Amino acid sequence: MRKLAKYLKPYWVQCTLGPFCKWMEAVLELILPTIMAYMINDGVVKHDFQVVIQLGLLMIAMVIVGFCFSMVCQYNAALASQGFGTDMRNRMYAHIQTFSYHDIDHFTTSSLVNRLGNDINQLQLAVAMLIRLVVRAPFIIIGAIVMAMILDLQLSLILIAAVPFISLILFLFIRFSTPLYQQYQKKLDQFATVLQDNFSGIRVIRAFVSQRRERQRVEKNIDDLQEQMMKIARLSALLNPLTAFVLNIAIVILLYQGVWQIQEGSIAPGVIVAFINYASSILIALVALSNLIVIFTKAAASAQRVNEVLEYEPTMKDGTQQIKDIHCEDVIDFENVWFSYGDGEAALSDMTFTIHKGENIGIIGGTGAGKTTLIHLIKRFYDAQKGAVRLFGQEIQTIESQALCREVVSVPQANELFYGTIRENVCFGKTNVSDQLIWQALEDAQASEFVMQLKHGIDAKVERGGANFSGGQKQRLCIARALLRRPSILILDDSCSALDFKTDASLRKALHEHYSETTKIIVSQRVSTLLSCDRILVLQDGKIAGFDTHAHLYDQCESYRNLCKTQKIEKEVKLA
């Protein structure tokens, strides 16, 4: 919590004014029982109604003033807590944006979502309670005891005797509840992961009639959450009754001792009423303090999780240089590159090749050959463990990420469309794009025909995930989004798999005619898609099996020749 306190500095006025107003309200609240004691002793007992009216009006005025102080405090608490939560989310989101794929895998997406949502909500609540109750509750408890001591020192010792027992109860609660909350947050992350898998794969689950198995899996996680929460609830349920039990025993003893002293005439009736009021104030303050401890225990667990993200150093540092020579002849250069995911076997090994400016390169290989991994290294989603990757003659680690993304654009296997319109999706990340450029990109991507048939054209709605479009339509819209940027390097990572052969051929023709200066890398399982490429890179088990033209590979590369025979592709083919 201390580490996050620095984020409250912009709200120091609210964090000062709010507790001050709450303190003033508590001061007025502590004075009221003493005034009531005087009203009873000097007014009611002596039948002096003028004293009753005067002191009654004074008490009403104090209540109104206390209410005003409370409202000012509530407003400042809301302002500070909401502002703090907003700032924290912005900082945390900005920090997550610097994470590599490896860093996101380290935390998991569902855990990061939980930390941005639930954990920061807990911290917001803690800030609000910090301003509203942290000053008030302890002050009421201590102040009530002090005021009781002023009225009668002997009776006040009864209230003081209850303090060590209450302190012990609170200490034990914090001691045992904190690890329970931490375990609950971890189980919540696991549950979010299961839900994410279920919702994203709902079509597969239904296609394989696995609803019952997945429902059991979800129910098991829900039961685990419930069991953990019940442990916390059982512990929390003991807190208020135990503190109330200790204080009520003190009140019973207080009443017994007070009645005895009234009978002796050593104490006035109003003092006993004031003592009961102070005891009630202490009880209410203890309940508030107990709830405060619960909130801060949750917040401590959440603060630890938020700090883990904010203090996590990204494994990849952003480069600082712009691309010096965009017209460099060797646009991509791999030299003895090795890469593995975690401690597993190498996904790529001894990878050495060069791609020249304007070349049309195909990449092919079996499942798990390393095609997508290779693309990830070109986009610098990961860094190679050994060797060097160079773009435009520069080490890729030295290039600023924004400069890299401007010149290297890829269309991944998974088609990502966002809720909005076709215009917003095609222009994603760009502003002030003319309709002419949008339609040109759609035409080159072979998407203009079906977009024109839509009622609102490029302003037609796109549902979440592009659910209202077919697989091939989504692929073409994603390709149009990449073409609109006219990058120096265009990567199509198996992003034409849902296209029919005619559309695929038309797309390749448009790329050849309108993007001749762009270096194009096409990853595909179809040999026919890559026949028009200048060279084809054949991968096998993370290694280069061949890198040449179709004809040379057919003669010299056995794995490529086997792929061709499987797909009934001959050495001599007529290009579409």
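The values are calculated or read from the model by the stated rules, or taken from the named source; none is laboratory data. On a predicted model such as this, the values are computed, not experimentally measured, just so you know. In this analysis, Cβ positions are derived from the backbone assuming ideal geometry, glycine residues included, and neighbour counts consider all displayed protein chains. Side chains included, ligands, DNA and RNA excluded: accessible areas come from the protein's heavy atoms. Shrake-Rupley method; radii C 1.70, N 1.55, O 1.52, S 1.80 Å.
Is the range 32-41 home to any residue that is at pLDDT below 85, open to solvent by 40 Å² or more (accessible area, probe 1.4 Å) and over 23 Å from G117 (Cα atoms)? Within the range 32-41, one or more residues are at pLDDT below 85, open to solvent by 40 Å² or more (accessible area, probe 1.4 Å) and over 23 Å from G117 (Cα atoms). For the range 210-258, the set of residues classified as open to solvent by less than 30 Å² (accessible area, probe 1.4 Å) and of a type in the set (G, A, S) consists of S210, A244, A250, G258, listed by residue number.
Screening the range 307-325 for residues that are out of contact with any helix residue (DSSP H, G or I) (no Cβ under 6 Å at 6 or more places or on another chain) and loosely packed, with under 15 Cβ neighbours inside 10 Å and picking the one that is nearest to E359 (Cα to Cα) gives D325. Are any of the residues in the range 524-535 under 42 Å from the mean Cα position of the chain (by Cα) and either surrounded by fewer than 18 Cβ atoms within 10 Å (Cβ to Cβ) or assigned to a strand (DSSP E or B) (or both)? Looking for residues that are under 42 Å from the mean Cα position of the chain (by Cα) and either surrounded by fewer than 18 Cβ atoms within 10 Å (Cβ to Cβ) or assigned to a strand (DSSP E or B) (or both), one finds at least one in the range 524-535, hence yes. Total residues in the range 460-481 satisfying the condition of being at pLDDT 90 or above and open to solvent by 40 Å² or more (accessible area, probe 1.4 Å): the figure is 1.
Could you look through the range 85-106, keep only residues that are surrounded by 17 or more Cβ atoms within 10 Å (Cβ to Cβ) and among the hydrophobic types (A, V, I, L, M, F, W, C), and pick out the one that is farthest from Q124 (Cα to Cα)? Taking the candidates together, the pick is F99. Taken over the range 180-194, the criterion of being of a type in the set (V, I, T) and under 16 Å from the mean Cα position of the chain (by Cα) is satisfied by T193 alone. The residue that is surrounded by the most Cβ atoms within 10 Å (Cβ to Cβ), counting only those in the range 326-349 that are more than 18 Å from R486 (Cβ to Cβ) and touching a Phe, Trp or Tyr at 6+ places or on another chain (Cβ under 7 Å), is L348. Residue count for the range 446-459 satisfying the condition of being farther than 14 Å from E424 by Cα and open to solvent by 10 Å² or more (accessible area, probe 1.4 Å): 8.
Conditions (1) in contact with a Leu (Cβ under 7 Å, 6 or more places away or on another chain); (2) of a type in the set (A, V, I, L, M, F, W, C); (3) within 30 Å of S340 (Cα to Cα), marked per residue:
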site	(1), (2), (3)
L79	no, yes, no
A94	no, yes, yes
F99	no, yes, yes
D105	no, no, yes
D119	no, no, no
V146	no, yes, no
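From the list R486, R535, R508, R481, the lone residue that is touching a Cys at 6+ places or on another chain (Cβ under 9 Å) and under 27 Å from D333 (Cβ atoms) is R508. Candidates are the residues of the range 287-306 that are of a type in the set (S, T, N, Q) and open to solvent by less than 20 Å² (accessible area, probe 1.4 Å); the one that is farthest from the chain's Cα centre (by Cα) is S290.
The requirement of being among the basic types (K, R) and either part of a helix (DSSP H, G or I) or touching a Pro at 6+ places or on another chain (Cβ under 9 Å) (or both) is fulfilled somewhere in the range 85-99, by at least one residue. Scanning the range 415-433 for residues that are aromatic (F, W, Y) and more than 12 Å from R464 (Cβ to Cβ) yields a count of 1.
Per the conditions (1) assigned to a loop (DSSP other than H, G, I, E, B); (2) within 30 Å of A80 (Cβ to Cβ), the sole criterion not satisfied by K46 is (2). Filtering the range 350-377 down to residues that are surrounded by fewer than 18 Cβ atoms within 10 Å (Cβ to Cβ) and not hydroxyl-bearing (S, T, Y), which residue is nearest to T566 (Cα to Cα)? Here the residue is G366. In this structure, I131 does satisfy being hydrophobic (A, V, I, L, M, F, W, C), modelled with pLDDT of 80 or more and touching a Cys at 6+ places or on another chain (Cβ under 7 Å). Comparison of T354, T367, T297 shows that the only residue that is of a type in the set (S, T, Y) and under 17 Å from I396 (Cβ atoms) is T354. Checked against (1) closer than 26 Å to V27 by Cα; (2) more than 37 Å from the chain's Cα centre (by Cα); (3) open to solvent by 70 Å² or more (accessible area, probe 1.4 Å), V45 meets all criteria but (1).
Residues are listed down the side, and each one gets a yes or a no for (1) in a helix (DSSP H, G or I); (2) among the hydrophobic types (A, V, I, L, M, F, W, C); (3) open to solvent by 30 Å² or more (accessible area, probe 1.4 Å):
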{"site": "L130", "(1), (2), (3)": "yes, yes, yes"}
{"site": "F139", "(1), (2), (3)": "yes, yes, yes"}
{"site": "G143", "(1), (2), (3)": "yes, no, no"}
{"site": "S156", "(1), (2), (3)": "yes, no, no"}
{"site": "L168", "(1), (2), (3)": "yes, yes, yes"}
{"site": "F173", "(1), (2), (3)": "yes, yes, no"}
{"site": "L180", "(1), (2), (3)": "yes, yes, yes"}
{"site": "Q185", "(1), (2), (3)": "yes, no, no"}
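How about the range 148-174: which of its residues are touching a helix residue (DSSP H, G or I) at 6+ places or on another chain (Cβ under 9 Å) and under 18 Å from N240 (Cα atoms)? L159, A162, V163, F165, I166, I169, L170, F173, I174, listed by residue number. For the range 263-286, check the following and say yes or no: at least one residue is touching a helix residue (DSSP H, G or I) at 6+ places or on another chain (Cβ under 6 Å), crowded, with 18+ Cβ neighbours inside 10 Å and within 22 Å of L180 (Cβ to Cβ). Yes, there is a match, as at least one residue in the range 263-286 is touching a helix residue (DSSP H, G or I) at 6+ places or on another chain (Cβ under 6 Å), crowded, with 18+ Cβ neighbours inside 10 Å and within 22 Å of L180 (Cβ to Cβ).
M230 satisfies every condition listed in (1) modelled with pLDDT under 80; (2) out of contact with any helix residue (DSSP H, G or I) (no Cβ under 7 Å at 6 or more places or on another chain); (3) closer than 30 Å to I174 by Cα except (1).
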